[in-house]
Amino acid sequence: MDDKETSWKERSKIMNEKNNFNWHNIKPVVVLTVICAAVAILLALANLITEPIITESEGGAITESLQQVISGGLFNSTPDEMKDGAPETVKAVYTEKNGKGTVVVLSTNKGYTGKEIGITVGIDKDGKIINMVITKNEESIVPEILKPGGSYGDAYVGKGGNDIPELSTGATVKYTESAIKNALIDAISYLGFEIENEPEELYKPDGELLKIAEELIGKEVKELTLNNADKTLKKLYRAKDGAGYVAYLRTYAAYGGAPETETFVAFDGDGKITKVENLYWKVGHTEEQGAPNSDEVENFFDGYENKTESQIDGVELVSGATGTANNFKAALSAACKSINAVKADDAPKATADNVQYIIIAAVSFVLLVTVMLLSYKLKKGGRK
Amino acid sequence: MKNNKLSIFLKGLIAENPVLVLVLGTCPTLAISTTVIGAIGMGIAATVVLVCSNIVISLLRNAIPSSVRIPCYIVVIAGFVSIVQMMLQAYLPSIYELMGVYLALIVVNCIILGRAEMFASKNKPIDSALDGLGMGIGFLIALLAMATIREVLGLGSFAGMEIPFLSSYKIPILAQAPGGFLIFGIMIAVVNKIDPKKGKEKRKDFSCEGCPSASLCGKTSCSEMQEVNAVSSNTSGEEATEQ
């Protein structure tokens, strides 16, 4: 009886110790909390020491880049207040106090590998680029010219608006160069400068362009991101139901770069042209000098309706403006190629996505089963 | 005593080199060893974190309960890594930029957590510090060797300084991931060749002789396990005989 009672008392004591709020149970929590608190205090101290130095050096780097783009310029220590609706690439703006221009600090991650590219550009009061420097390039493929301190910015000096060149120092970095160009365009448009050499009637905000595209195709559309597209293809829209495209084309004269045509072209889902709407047409000579009249121009554009890509070449050029007509034909062909590329991207991508998900699901299932089997085996081994 | 301390320090350099022998910390090794400057920066940062975390963990080894030892080790290691990050960003910003995300990844470097668990938690602070220093310098040596090969042959430069006669004969793949793996494999093969104990087919041995932790645990737990195994094998033998 005594042994049973003692055994019962011992068992009770063990059970009580397990259930009670005693030091043995709370020690792990207390120790971990104390260690976390101690590490937090150490980190706070380290931050106290290093933060002023880091802030000063970052400010120094920015000041250096400001001087690189507007040499001898006088700037405030803090950037200007940002306007609402600023493009995401525009990070800071510094206005030079003596009217030499404005410096825009840009950051883009639309390059080849999606890593950050930092750019500082100085823009004068006429919207022309004074100088441009790359301050950071975290891409994995970086030619010497595109590294911080490289000479890539030299080609942009004096350019502005649609005059900004799209350089190509190598096939693998074309995306990076497009990203840099688009960031510079963002900077110039943020400062409110118009695109040079183009008449005011050609300025249409994105919302208006979208509306025209939707009216032309008769359904809702969504703008696509253009990669490696011809420069005449300004925007490409796809119908939200996937059955149609609209291309917004602008062509320019070969000499002088003056704008010649502004046209919307609607395509069906197979890439066949359904409708062409020309909004702007300008050639360098008058009707008296042999330029086509408005009916001839309209007939020229209507001639492309119901044509496929292979039939574009067969459409007659308009007499008296063969150069302009040829430029439009080339732009239309390039647009067809871009649409074909988009269609080619869509089909395999969807499949690749599905296959990817299936693989992930299969691997996860196999891992789960393996873990369950291992844990069962270990448990069984432990019981022995 | 002194020999013991010296041996603790020296084993991390070559005999138990964390990268080439223990094959730990492969990810930062391959990522950072494209340039000599980056390799030196990573090696020094990892060494500092190793030494500091080993000392602290060793000092706290009797206070940290077993159930929360891993979270405590990680908090300590992460704290030191963050401090090193801040110091580099303040005083050596170019190195900080060069190391990028791999500086923060020192927290999950197998070398640091492994040595904390295998050595620092079972030994005195001075021994732990020496072990950390040896392992860190061994990591640095391995990184430096790899970086030298990859930068010289892959980029035609050394520590950023172009080597004129090599710039026309670069092997670019060596500066990229496949080349990194290639060089890594060749270096491990060379180490296996040099060290007579390595590279030979190991006899599967579940006794203390086959256990890499035998010298650390004092063989007490293994000897207990051996007794249990001996009893169970005798029991199964008797059952088989009866059948």
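The values are calculated or read from the model by the stated rules, or taken from the named source; none is laboratory data. Nothing here was measured: the structure is a model prediction, and the numbers come from that model. Note: ideal-geometry Cβ built from the backbone for every residue, glycine included; neighbour counts use all protein chains shown. Ligands, DNA and RNA are excluded from the accessible area calculation, which covers all protein heavy atoms including side chains. Shrake-Rupley method; radii C 1.70, N 1.55, O 1.52, S 1.80 Å.
Taking Cα pairs under 8 Å and at least six residues apart, what relative contact order does region A:27-130 come out at, in percent? Let's see the in-between values first.
Working: 113 pairs, mean separation 18.7, N = 104.
It rounds to 18 percent for region A:27-130.
If I model a spin label at residue A:370 and residue B:195 as a point 7 Å from the Cα along the Cα→Cβ vector, what separation in nanometres do I get?
Reported label-point gap for residue A:370 and residue B:195 is 2.7 nm.
Taking 56 Å as R0, compute the FRET efficiency from the Cβ-Cβ separation of residue B:117 and residue A:214 and round it to 0.05. Mind showing how you got there, number by number?
Values: r = 63 Å, r/R0 = 1.13.
Efficiency at R0 = 56 Å is approximately 0.30.
Enumerate by residue number the GluC sites (Glu not before Pro) in region A:285-322 meeting two conditions: DSSP loop (anything except H, G, I, E, B), and at most 14 other Cβ atoms within 10 Å of the site's Cβ.
Values: sites: A:287, A:288, A:296, A:298, A:305, A:309, A:316; in loops: A:287, A:288, A:305, A:316.
Answer in residue order: A:287, A:288, A:305, A:316.
Taking the full set of protein chains and a 1.4 angstrom probe, give the accessible area of residue A:8 in square angstrom, rounded to the nearest 10.
Surface open to solvent at residue A:8 totals about 150 Å².
As a test of the definition: with a 1.4 Å probe, what buried accessible area, both sides summed, do you compute for A against B, in Å² to the nearest 100?
Working: alone 23650 and 13990 Å², together 36120 Å².
Chains A and B together bury approximately 1500 Å².
Multiplying the sequence separation of residue A:116 and residue A:42 by 0.36 nm and subtracting their Cα-Cα distance, what value in nm do you get? Present the calculation step by step, with values, prior to reporting the outcome.
Numbers: separation 74, 0.36 × 74 = 26.64 nm, distance 3.13 nm.
Going from the current span to full extension adds 23.5 nm.
Step through the table entries A:110/A:282; A:83/A:110; A:231/A:275; A:100/A:282, compare each Cα-Cα distance with 27 Å, and write down the pairs that go over it. Kindly include the intermediate steps, with their values, before the conclusion.
Details: A:110/A:282 35 Å; A:83/A:110 23 Å; A:231/A:275 22 Å; A:100/A:282 36 Å.
Too far apart for the 27 Å limit: A:110/A:282; A:100/A:282.
Each label point is 7 Å from the Cα along the Cα-to-Cβ direction; what then is the distance between the points at residue A:357 and residue A:33, in nm?
With each label placed 7 Å out from Cα toward Cβ, I get 4.5 nm.
Around residue A:326, under 13 Å between beta carbons, what's the net of Lys plus Arg minus Asp minus Glu among the other residues?
On the way: positive: A:329; negative: A:260, A:313, A:316.
My count for the surroundings of residue A:326 gives -2.
Residues in region A:213-229 near a label at residue A:337, defined as backbone nitrogen under 19 Å from the 7 Å Cα→Cβ point?
Output list for this probe position: A:225-229.
Using protein chains only and a probe of 1.4 angstrom, how many square angstrom of residue A:95 are accessible, to the nearest 10?
Roll a 1.4 Å probe over it and residue A:95 shows about 60 Å².
Treat each spin label as a single point 7 Å out from the Cα along the C-beta direction, and report the residue B:159 to residue B:91 distance in nm.
With each label point 7 Å from Cα toward Cβ, the separation is 1.9 nm.
If I ignore ligands, DNA and RNA and count only protein heavy atoms, how much of residue B:87 is accessible to a 1.4 Å probe, in Å² to the nearest 10?
Residue B:87 exposes around 70 Å² with every protein chain in place.
Starting from 0.36 nm per residue, how many nanometres of slack lie between residue A:81 and residue A:67 once their C-alpha separation is accounted for?
Answer, rounded to one decimal: 3.0 nm.
Please list B:171, A:358, A:188 from largest to smallest accessible area, probe radius 1.4 Å, with all protein chains kept in place. Kindly include the intermediate steps, with their values, before the conclusion.
Values: B:171 80, A:358 115, A:188 5 Å².
The residues order as A:358, B:171, A:188, largest area first.
Tell me, in nm to one decimal, what length is gained between residue A:222 and residue A:319 on full extension, where the rule is 0.36 nm per residue of separation less the Cα-Cα distance? Write out the running numbers ahead of the final one.
Working: separation 97, 0.36 × 97 = 34.92 nm, distance 3.61 nm.
Extra length from residue A:222 to residue A:319 when fully extended: 31.3 nm.
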